[in-house]
Structures are given as structure tokens and as C-alpha cells.
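K.L.:
I am attaching a structure below and will ask some questions about it afterwards.
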């Protein structure tokens, strides 16, 4: 079976089509509901708004026990502020 | 043949080529290796062929360190030793475990992984697992639904574990050893005295006693201590008539560097897409292999992390219990608890869990403990029924263990995102190392390191051949010789190391 990772590594066209894919999905809001409950989204959004987190690299962080992306934290913050 | 010291006349004396003290995984493996060697071998076992309360109480001791199980609950003192309640997990130490790593103080074995691995096939035979590859991808090739998580293998990989039936050494090998004409098994023979020659460089004889007062003296060419990491250290320390600090303890190392494998439930993994997780599904006595997530050697080195593996179990089926809060403290109750649980599980059919239905997985880690001289066995003023000082365990963990847990979770969380596999959540204590260890932290009942191996007598109790520095005919078998702990369940590896010592002894004895 060819795994996604193997495919990504071996495909010589990836450098060409990945940016295209990224453009296609750019406008779609980052989905966090597949792993976070509403309560968790609010808690993370609040913690992020209060700067209660730590970066693990430039676009990933540890917040409320979760390792998530900056974009996901932003989504949580937005939902938290909307609900506040 | 078999003789019971409890029924023999007083002052029984025997002479032999090799005297092995302790009939557990190490002692029985060594004895079996001498079955057809044509040499006279004595195998001393403290207990009988069945569990008995009075003998088990000789494993009593006090713990003054990190919260731990009651000592009699973790070790069994009868023929077969602790294999008689072993879970059967088999996986070897990793190459990195043998390396001197700058971020792990006191690391670095005096033997290579290759030297050790040469004995894995014979060790595998002892525990009745196959001798096929340890490479997971090769092992599972063609097996339906055995799909590893698609992570970057230079960061995290899936490590292969094979399962012994589990082999109960006391049951499996009793007949062959008792039928042997060259090996004599003495039951109810507790080692009490080790007598050195005048110069203190050679063991002249050892004495064993039964609880009803019978004694025997064994005079051998070579002696092997195979009683487990607590008892090996205890008996070397307590025999201090000729060397005041105890045998092999000129440099105050005997009993130090006690290591366990800290085991605890930590974070959860949330898969983005359902997939078969059959490869990771543990079903005691029903599976012959499975896999745990393991941190790659390159990642360990790059981030200064101890070796760690994580078992994954569907979160909904996992529960919040921990062995350390469940196992009775009394030796008999603990053994009965285990036997009953195993009977129930063995009688039940294999689980029909469809892992594709679950997206959330609980991680239970088993990790390397760094070698720490302050984590140690010493002697108590309290004595057992044979008049021997009881052991005191001071199990001590360090900041490196806490930081490694934090870093391995951070790294895994990051890798799950980068590989688009899922997300990770962990409790507060994982990421905040200033918090106390959770009440669920236990160990695997793995006792390691109290007679550590090093070629420098100032840094180790035994040399690369497992011979006690300065005493040419006294050797140690088992995990007390481990220089570092690795993250692998130790039984398979300690047997491999024992068979390596056995080969060395054959060269010495048949000269």
C-alpha cells in the first residue's frame, strides 16, 4: 500500500501542485470541531486571548493541554469572542 | 535432579563446577544452557515449586523514595521466580540504549548492541516467541488491517512487541532440570553467606539455609547471582565480614543506580480520520504481537530525550485505573489477584473491538529512567526470619524524566499536525514540570541496575562479562547488570545477557 507520506515524498510534482491546493483551501475556515468540543474551543479561545499559552515553534503552540496550530488557536479565539 | 533442603539432614555439603543462585528468568535460562554441558551444576531456589506465604515474606522491604508498590508484590520467590506472574511483553533494548549519550549522565554500556543482539535468538526460544525479524514493516507485511500510523519515521515510529504465552519458567523448564543428571535443583535453599578466600578475591563457598533451619554449603568453581536487582544487591551488601562495605562494593556502587520503567497514563491522541488501529490493540493472552509508538533515536539525540514508548488504547475503553492503585500490598493477595485476573482473561474470548470506530486513543507510556546514584538499595536494621537485614528501596526520579515526558509529548503533538494524522492533548502535569507526579505513576515491576556493568571498577560493579570487579569467580546474571534501562520490558534482554554470560562461563570452566 502506498501511504500518503510515501506518496508525498515520491511525487515529483508536489512542489508544483501543493501551492495550488493551498490556494484552493485558503479561504476555507480552519476546522477544529473534529477534535475539540464547544467547551474546549471556548477554553482555548479564552486562554489564547489572555496570552496563556506557549509556542513550540512559529506556528504551533501548547494551550490548555492541546498541541495545536496558530490558525486553530485563532479560530478558537474568534469563537470565544463571538460568544462572549 | 531435585533435592529439598527443608528435608535434608543438617550440614549438607556439595561441590560443583557452577552454582547458580536464583531460579527465575535468568537463573533457569542459564541452567538450561548447561543441560548438556557435562558439568556439575547446582541451582539454588529460595522457595519451593509453589507459592508459599512464609518464603514470600523474605521479599519484604521498605520503600522510602518515590511512591512504589509493596516490594513482596513485585517479585515472586518460588521456582520460576517472577516469570510466574509475568505479562509476556518481549522487545529488545534498542541500539541507542547502549550508547554514551551526553544528555544522560552515567550512560554507555561496555558492550555494543551487536554483541548483545547475538543472543536474542536463543533468548527468544526461551520465552517461546518466534525468531523472525524485529523490523515491524517486514514483520507485518501482508497482514490485513495492521496499519502503522503514518508518521515521519525519523521522529516517531511504531515499535514491534512480541508476546510470550507467557512462558512460566517454573512450569516449562522444571521437568528438564529435575530430570537432568548433571544439574541439581535445591529448593527452599536461601543464600545466606558468601565466603571469600583470605585475600578476598575468590569465593570459596556459599551457604544456604531453609526456613526450618537446615543448612548446606556449596563449593563451586564459579558462582552466579541471579536473584533480581534488589536481592543481588542486598546479598552483596549483607556479606560484609571480609569486605566491610560488602562484596564488590569497594567503590560504594552496589545497590546504587536502581532503575524502574516509570509507567503512567499521559495524553490522548485524536485521529483526524478513522483507520484500523488493530496493530496497537492490546488483548492480553490473545495476541502474539502488537506495536507501541516509539520516539526515534535521531529525535532522542536531537532533543535530549530519554527512550520512551507509548501504548495506545481506545480512550472510551481505557478507564482511569493504574496498577499502583490497584495491586494489593500483601504478597499473597497480590499473587492471588494476578492469578485470578489471568484466569478470567484467559477464559474469555478474544476481543471483538473494531478499532476503526474509535478516533480517541489514550496513551500509556513506559519510559527509560536515567541512571541515578541516589536511587538505591541499602540495608535496614530490621532483619528477616533468616536473620538477614531487609532491603530499603529509595526510588528516585530526576528532572530528566519529567522533561523527557514533556518533550516527547510536544514532539508527538507537532508530528501529528505535520503528518496530518491528528492532534494531541495531555494533562497539565505533562507540560508543567513544576507539578507533582500524578498519583497514577507506577512502574512495570522492572528492577534494574543495582550491580551495573562498566569496565571501570569506579563506575560499575560488574565488568563487561558480568563478573564482579576484583572477584574472578563471582558473576551476576539479570537486569541488575543493566547500565541503562532503555524503555523495553527487560525479560527478553536480561535473558540474552544471561546467555552471553553463560557462554563466557563455558569458556572459563571447560578450559
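K.L.:
Out of everything in the range B:490-511 that is surrounded by fewer than 23 Cβ atoms within 10 Å (Cβ to Cβ) and part of a loop (DSSP other than H, G, I, E, B), what residue ends up being farthest from the chain's Cα centre (by Cα)?
P.N.:
B:511
K.L.:
Please indicate, with yes or no, whether at least one residue in the range B:139-148 is within 14 Å of chain A (Cβ to nearest Cβ), in contact with a strand residue (DSSP E or B) (Cβ under 7 Å, 6 or more places away or on another chain) and surrounded by 13 or more Cβ atoms within 10 Å (Cβ to Cβ). Before you say what the answer is, go through the steps one by one.
P.N.:
Looking only at the range B:139-148, we keep the residues that are within 14 Å of chain A (Cβ to nearest Cβ), and these are B:140-148.
This time we only want the ones that are in contact with a strand residue (DSSP E or B) (Cβ under 7 Å, 6 or more places away or on another chain), so: B:148.
Narrowing the set further to residues that are surrounded by 13 or more Cβ atoms within 10 Å (Cβ to Cβ) leaves B:148.
Looking for residues that are within 14 Å of chain A (Cβ to nearest Cβ), in contact with a strand residue (DSSP E or B) (Cβ under 7 Å, 6 or more places away or on another chain) and surrounded by 13 or more Cβ atoms within 10 Å (Cβ to Cβ), one finds at least one in the range B:139-148, hence yes.
K.L.:
Can you find a residue that is under 18 Å from residue B:315 (Cα atoms), more than 14 Å from chain A (Cβ to nearest Cβ) and surrounded by 15 or more Cβ atoms within 10 Å (Cβ to Cβ) anywhere in the range B:366-378? Lay out the reasoning, then the answer.
P.N.:
Taking the range B:366-378 as the starting set, the residues that turn out to be under 18 Å from residue B:315 (Cα atoms) are B:366.
Now narrow it down to the ones that are more than 14 Å from chain A (Cβ to nearest Cβ): B:366.
Checking the rest, the ones that are also surrounded by 15 or more Cβ atoms within 10 Å (Cβ to Cβ) come to B:366.
Yes: one or more hits.
K.L.:
Could you list all residues from the range A:33-58 that are within 14 Å of residue A:75 (Cβ to Cβ), out of contact with any strand residue (DSSP E or B) (no Cβ under 8 Å at 6 or more places or on another chain) and in a helix (DSSP H, G or I)?
P.N.:
Matches in the range A:33-58: A:38, A:41, A:42, A:43, A:45, A:46, A:49.
Here is a yes/no grid of residues against (1) surrounded by 17 or more Cβ atoms within 10 Å (Cβ to Cβ); (2) in contact with a strand residue (DSSP E or B) (Cβ under 8 Å, 6 or more places away or on another chain):
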site	(1), (2)
B:261	yes, yes
B:274	no, no
B:277	yes, yes
B:284	no, no
B:322	yes, yes
B:334	yes, no
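K.L.:
Being within 14 Å of chain A (Cβ to nearest Cβ) and either without any contact (Cβ under 8 Å) to a residue 60 or more places away in the chain or crowded, with 21+ Cβ neighbours inside 10 Å (or both): is that true of residue B:424 here?
P.N.:
Numbers: within 14 Å of chain A (Cβ to nearest Cβ): yes; either without any contact (Cβ under 8 Å) to a residue 60 or more places away in the chain or crowded, with 21+ Cβ neighbours inside 10 Å (or both): yes.
Yes, satisfied.
K.L.:
Mind checking which residues of the range B:149-188 are in contact with a helix residue (DSSP H, G or I) (Cβ under 7 Å, 6 or more places away or on another chain) and within 14 Å of chain A (Cβ to nearest Cβ)?
P.N.:
B:150, B:151, B:152, B:154, B:155, B:156, B:158, listed by residue number.
K.L.:
Okay, moving on. Take the residues of the range B:23-36 that are out of contact with any strand residue (DSSP E or B) (no Cβ under 7 Å at 6 or more places or on another chain) and at pLDDT 95 or above: which is farthest from residue B:86 (Cα to Cα)?
P.N.:
Taking the candidates together, the pick is B:33.
K.L.:
With respect to residue B:443, is the statement that it is more than 14 Å from chain A (Cβ to nearest Cβ) and at negative phi true?
P.N.:
Yes.
K.L.:
Do you know which residues across the range B:404-416 are within 14 Å of chain A (Cβ to nearest Cβ) and under 20 Å from residue B:484 (Cβ atoms)?
P.N.:
Selection gives B:405, B:407, B:408.
K.L.:
State yes or no: is residue B:312 touching a strand residue (DSSP E or B) at 6+ places or on another chain (Cβ under 7 Å), part of a helix (DSSP H, G or I) and either more than 14 Å from chain A (Cβ to nearest Cβ) or closer than 30 Å to residue B:380 by Cβ (or both)? It would help to see each step written out before you state the result.
P.N.:
Values: touching a strand residue (DSSP E or B) at 6+ places or on another chain (Cβ under 7 Å): yes; part of a helix (DSSP H, G or I): no; either more than 14 Å from chain A (Cβ to nearest Cβ) or closer than 30 Å to residue B:380 by Cβ (or both): yes.
Here the answer is no, as residue B:312 does not meet what is asked.
K.L.:
Would a scan of the range B:168-188 turn up a residue that is in the same structural domain as residue B:471 (by TED's automatic domain parsing), part of a strand (DSSP E or B) and more than 18 Å from residue B:17 (Cα to Cα)?
P.N.:
yes
K.L.:
Look at residue B:252 and say whether it is assigned to a loop (DSSP other than H, G, I, E, B), free of Cβ contacts under 8 Å to residues at least 60 places away in the same chain and away from chain A (no Cβ under 14 Å).
P.N.:
Working: assigned to a loop (DSSP other than H, G, I, E, B): yes; free of Cβ contacts under 8 Å to residues at least 60 places away in the same chain: yes; away from chain A (no Cβ under 14 Å): yes.
Answer is yes for this residue.
K.L.:
Can you find even one residue in the range A:15-34 that is away from every other protein chain (no Cβ under 11 Å) and modelled with pLDDT of 95 or more?
P.N.:
yes
K.L.:
Conditions: (1) part of a helix (DSSP H, G or I); (2) over 30 Å from residue B:238 (Cβ atoms); (3) away from chain A (no Cβ under 14 Å). Residue B:279 meets all but one. Number of the miss?
P.N.:
Status for residue B:279: all satisfied but (3).
The values are calculated or read from the model by the stated rules, or taken from the named source; none is laboratory data. Since the structure is predicted, the reported quantities are computational estimates derived from the model, not experimental observations. Methodologically, a virtual Cβ is constructed for each residue, glycine included, from the backbone with ideal geometry; neighbour enumeration extends over all protein chains shown.
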